[in-house]
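Q: Submitted below is the structure of interest, expressed as structure tokens.
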Amino acid sequence: MRLKMTRSSKSTRLYAIKSTYDPKTRKTSSKIVAKLGTAEEVMEREGVDYEGAIAWARAEIAHMTEKEAADAAAITVRLRPAKRIEKGLRRSANAGYLFPMKVLSELGLVGICDDIAAEEGFEYNLGEIACYLVAGRMLSPSSKLATFEWCQGLVEVPSFSEHQVYRALTVLAEHSDAIQAKLYKASERLHRRRTGVLYYDCTNYFFEVEGADSDSDRQYGLSKEHRPNPIVQMGLFVDADGIPLAFSITPGNQNEQTTLKPLERTIIDEFGESMFVVCTDSGLSSKANHLFNTRGGRAFVTVQSIKKMQADLREWALDRKEWRLPGSEAVYDLHEVNEVKMWDRVFYKERWAKDNEGFEQRYVATFSFKYMEYQASIREQQAQRAAAKAAKGAGAVGKRNVNDPARFLSVDHVTAQGELASHAVVSLNESKIAEEARYDGFSCIATSLEDEVSDIIAVNKRRWQIEECFRIMKTEFKARPVYLSRKDRIRGHFLTCFIALLVYRLIDERLNHAFTCEKLLSTLREMNMLELAGEGWVPAYTRDDVTDALHDAFGLRTDYEIVTNRQMGKVLTASRSPKIKSTK
């Protein structure tokens with residue numbers, strides 16, 4: 001590096017510049033490495049004359065050159081093939097956890113927990129425990145004991161004890177609503193939250209135990225995975241980008257329709273959000289929920305089961321006449337439409353209707369040839385499975401739910417001639433199959449909005465994001481089965497799962513959705529570093545597009561041939577800093 005001076009009538013500006021050579025173009029160029037200010041500023045600050053200011057600048061540049069040379073110097077490590085490694089000495093550690101830790105620092109989780117600790121009056125580091133539990137849920141989902149052991153294999157080993165983890169779960173559960181509200185407000189600094197439309201859904205998580213608890217949320221209920229185990233129920237709100245907003249845990253035997261309003265009130269009271277559209281599936285479309293979301297500037301969009309509509313509305317929705325396309329005034333009869341030409345188009349019809357009690361809502365029925373073929377294909381596969389069951393006799397029919405292929409079977413105890421049969425006769429119910437075929441391609445939305453039909457359909461289409469959130473928690477984060485029994489610890493466990501989902505979504509936003517959840521998390525899990533005692537850390541992972549994107553987005557560089565102890569110290573400090581490296 002060398003000194004460059006640019007003079008004007010009022011000042012002399014000082015720069016540190018460096019010459020670089022490009023072997024491809026065979027050209028040399030210079031770039032400014034640092035701006036050192038003006039000579040007049042240096043004279044005043046250092047108390048020197050003009051020559052002294054120039055000397056100070058040259059010394060500063062010499063120091064910078066020396067430092068750069070030290071950073072670039074090759075490191076030689078002597079290893080002896082005759083010497084065994086030291087027993088019990090840790091030689092590698094995971095560094096991928098630093099990226100979730102950086103987001104947690106930006107969200108201020110440690111500060112939030114420090115306030116709780118001061119209020120409760122205990123001394124162990126609640127914030128540190130919460131952060132490591134969240135990182136462990138993302139990168140090594142397992143029991144709390146296994147998570148504590150996993151923490152011992154990180155670049156920076158935490159200082160808390162195992163028994164403090166369970167105590168922390170209780171405290172986190174007690175302050176769950178406040179923590180969610182503060183994280184929501186902090187997340188707005190990292191990503192602009194779009195809360196004009198909120199998506200709500202419920203799922204449940206099972207426990208590998210027998211028997212429900214009288215004083216816990218573990219209760220027998222309708223398991224979405226058709227398991228005979230006790231379950232708890234989670235209700236979840238996400239925003240228009242699929243970023244989680246709030247959640248609640250309720251007993252497994254509670255009607256899921258009753259879970260929406262309490263959590264929505266929490267959002268209104270604690271989060272400061274009061275005017276939004278709530279979008280749900282048909283399982284949560286109770287009249288009580290609809291009425292609640294027609295007040296205070298709120299509205300609803302929900303899937304409406306055509307089969308459960310009043311007879312006149314059902315026939316209207318299935319009638320193949322009077323259909324339109326968004327943005328067009330043309331009217332279509334589905335019998336006369338060219339199916340190939342209109343394969344990807346979505347037709348609609350709409351009307352307002354009142355129920356017997358005078359409650360009015362808008363119905364938007366839709367039809368798609370593509371969706372029709374998909375449903376027909378699924379039903380054909382189910383009919384084939386039902387036929388295979390029929391061949392096994394009445395004992396193979398068993399219990400039937402709305403999606404079970406056995407719903408297409410009929411069990412008769414008389415022959416076709418009306419005689420009493422010695423054995424039950426199982427056969428495919430062709431009329432049942434034909435009845436279901438009537439609904440192929442059709443769907444319906446109920447709403448209180450008066451917006452354009454295309455906008456309402458677009459809102460409903462984004463419901464997949466909340467389904468993806470549940471999938472991530474159940475598969476990637478392994479949120480079930482749950483190995484806890486106390487009500488407070490169960491709720492503390494799901495709080496860490498919720499925060500882990502929030503952190504993942506914010507990382508995904510920062511990386512512009514460039515990678516799948518599986519690819520991103522597997523990369524973080526495999527970002528191990530080999531420790532060279534007294535020297536630094538050598539990456540033991542494969543550098544690829546994911547690692548490059550992470551390092552560029554967060555500035556936590558661990559992808560050099562060796563990361564010296566001094567450099568790693570800076571990386572660790574940066575991962576704990578609340579300063580935001582990059583925002584959208």
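Q: Filter segment 50-77 for residues that are over 30 Å from Arg557 (Cα atoms), open to solvent by less than 100 Å² (accessible area, probe 1.4 Å) and not β-branched (Val, Ile, Thr) and give the result.
A: Across segment 50-77, the qualifying residues are Tyr50, Gly52, Ala53, Ala55, Trp56.
Q: Do you know which of the residues in segment 350-369 that are out of contact with any Leu (no Cβ under 9 Å at 6 or more places or on another chain) and either closer than 15 Å to Tyr439 by Cβ or among the aromatic types (Phe, Trp, Tyr) (or both) is most open to solvent (accessible area, probe 1.4 Å)?
A: Among them, the one singled out is Trp352.
Q: Go through segment 252-301 and count every residue that is β-branched (Val, Ile, Thr) and within 28 Å of Arg480 (Cα to Cα).
A: 6
Q: On the given criteria, is Ala386 surrounded by 13 or more Cβ atoms within 10 Å (Cβ to Cβ), at pLDDT below 95 and under 27 Å from Leu409 (Cα atoms)?
A: The answer is yes for Ala386.
Q: Does Val331 qualify as being over 37 Å from the mean Cα position of the chain (by Cα) and among the β-branched types (Val, Ile, Thr)?
A: In short, yes.
Q: Restricting attention to segment 511-529, which residues are part of a loop (DSSP other than H, G, I, E, B) and closer than 27 Å to Val77 by Cα?
A: If the condition is that a residue be part of a loop (DSSP other than H, G, I, E, B) and closer than 27 Å to Val77 by Cα, then Glu526, Met527 are the ones that fit.
Q: Another one. Checking Arg80 against (1) touching a Phe, Trp or Tyr at 6+ places or on another chain (Cβ under 8 Å); (2) open to solvent by 20 Å² or more (accessible area, probe 1.4 Å), which test does it fail?
A: Against the list (1) touching a Phe, Trp or Tyr at 6+ places or on another chain (Cβ under 8 Å); (2) open to solvent by 20 Å² or more (accessible area, probe 1.4 Å), Arg80 comes up short only on (1).
Q: Can Arg510 be described as open to solvent by 10 Å² or more (accessible area, probe 1.4 Å) and in contact with a strand residue (DSSP E or B) (Cβ under 8 Å, 6 or more places away or on another chain)?
A: Against the criterion (open to solvent by 10 Å² or more (accessible area, probe 1.4 Å) and in contact with a strand residue (DSSP E or B) (Cβ under 8 Å, 6 or more places away or on another chain)), Arg510 does not qualify.
Q: Also: If the requirement is being under 30 Å from Glu119 (Cα atoms), small (Gly, Ala, Ser), open to solvent by less than 50 Å² (accessible area, probe 1.4 Å) and at pLDDT 90 or above, which of these qualifies: Ser248, Ser216?
A: Ser248
Q: Now a separate question. Just checking, does segment 473-483 include any residue being polar (S, T, N, Q) and over 15 Å from Val232 (Cβ atoms)?
A: Yes, because at least one residue in segment 473-483 is polar (S, T, N, Q) and over 15 Å from Val232 (Cβ atoms).
Q: Further, regarding this structure: What single numbered condition from (1) over 30 Å from Asp177 (Cβ atoms); (2) open to solvent by 10 Å² or more (accessible area, probe 1.4 Å); (3) touching a helix residue (DSSP H, G or I) at 6+ places or on another chain (Cβ under 9 Å) fails to hold for Ser286?
A: Failing condition for Ser286: (1).
Q: Please go through (1) among the small types (Gly, Ala, Ser); (2) in contact with a strand residue (DSSP E or B) (Cβ under 9 Å, 6 or more places away or on another chain); (3) under 20 Å from Ser187 (Cβ atoms) for Gly127 and return the number of the only condition it doesn't satisfy.
A: Condition (2) is where Gly127 drops out.
Q: While we're here: When the residues of segment 530-574 are filtered to those that are in contact with a Gly (Cβ under 9 Å, 6 or more places away or on another chain) and part of a strand (DSSP E or B), which remaining residue is least open to solvent (accessible area, probe 1.4 Å)?
A: Step by step, filter segment 530-574, then rank; the result is Val563.
Q: Testing Pro141 on (1) closer than 21 Å to Ile243 by Cβ; (2) in contact with a helix residue (DSSP H, G or I) (Cβ under 6 Å, 6 or more places away or on another chain), one condition comes back false. Which one is that?
A: (2)
Q: I'm trying to understand the selection: among the residues of segment 324-337, which are open to solvent by 90 Å² or more (accessible area, probe 1.4 Å) and over 15 Å from Phe442 (Cα atoms)?
A: Gly327, Glu329, Glu336
Q: Which count do you get for residues in segment 370-383 that are of a type in the set (S, T, N, Q) and open to solvent by 60 Å² or more (accessible area, probe 1.4 Å)?
A: 1
Q: Here is a further query. So, in segment 181-192, how many residues would count as being of a type outside the set (A, V, I, L, M), farther than 9 Å from Ile112 by Cβ, part of a helix (DSSP H, G or I) and out of contact with any Phe, Trp or Tyr (no Cβ under 7 Å at 6 or more places or on another chain)?
A: The number of residues fulfilling the criteria is 4.
Q: Working carefully through the options Thr280, Thr294, find the one that is closer than 30 Å to Ile179 by Cβ, hydroxyl-bearing (Ser, Thr, Tyr) and surrounded by 13 or more Cβ atoms within 10 Å (Cβ to Cβ).
A: Thr280
Q: Give just the number: which of (1) more than 30 Å from Gly127 (Cα to Cα); (2) under 11 Å from the mean Cα position of the chain (by Cα); (3) of a type in the set (S, T, N, Q) does Gln465 not satisfy?
A: (1)
Q: Can you give me the number of residues within segment 83-118 that are closer than 17 Å to Pro158 by Cβ, open to solvent by 70 Å² or more (accessible area, probe 1.4 Å) and not in a helix (DSSP H, G or I)?
A: 1
Q: Oh, and also: Can you tell which of Lys519, Lys474, Lys478 is at pLDDT 95 or above and either open to solvent by 60 Å² or more (accessible area, probe 1.4 Å) or within 26 Å of Ala173 (Cα to Cα) (or both)?
A: Matching residue, one of Lys519, Lys474, Lys478: Lys519.
Q: Please specify each residue of segment 187-211 satisfying the condition of being farther than 20 Å from Trp464 by Cβ and either crowded, with 20+ Cβ neighbours inside 10 Å or touching a residue at least 40 places away in the same chain (Cβ under 8 Å) (or both).
A: Ser187, Arg189, Leu190, Arg192, Tyr205, Phe206, Phe207, Glu208, Val209
Q: Looking only at strands (runs of 3 or more DSSP E) that lie completely in segment 226-309, which have at least 2 residues being within 29 Å of Phe207 (Cα to Cα)?
A: Answer list for segment 226-309: 231-238, 244-251.
Q: Look through segment 456-470, keep the residues that are hydrophobic (A, V, I, L, M, F, W, C) and open to solvent by less than 30 Å² (accessible area, probe 1.4 Å), and return whichever of them is nearest to Val197 (Cα to Cα).
A: Selected residue: Val459.
The values are calculated or read from the model by the stated rules, or taken from the named source; none is laboratory data. All of these numbers come straight from a predicted model, not from anything done at the bench. Here Cβ is always computed from backbone atoms with ideal geometry, including for glycine, and neighbour counts include all displayed protein chains. Protein only, heavy atoms only, side chains kept; ligands, DNA and RNA dropped before computing areas. Shrake-Rupley method; radii C 1.70, N 1.55, O 1.52, S 1.80 Å.
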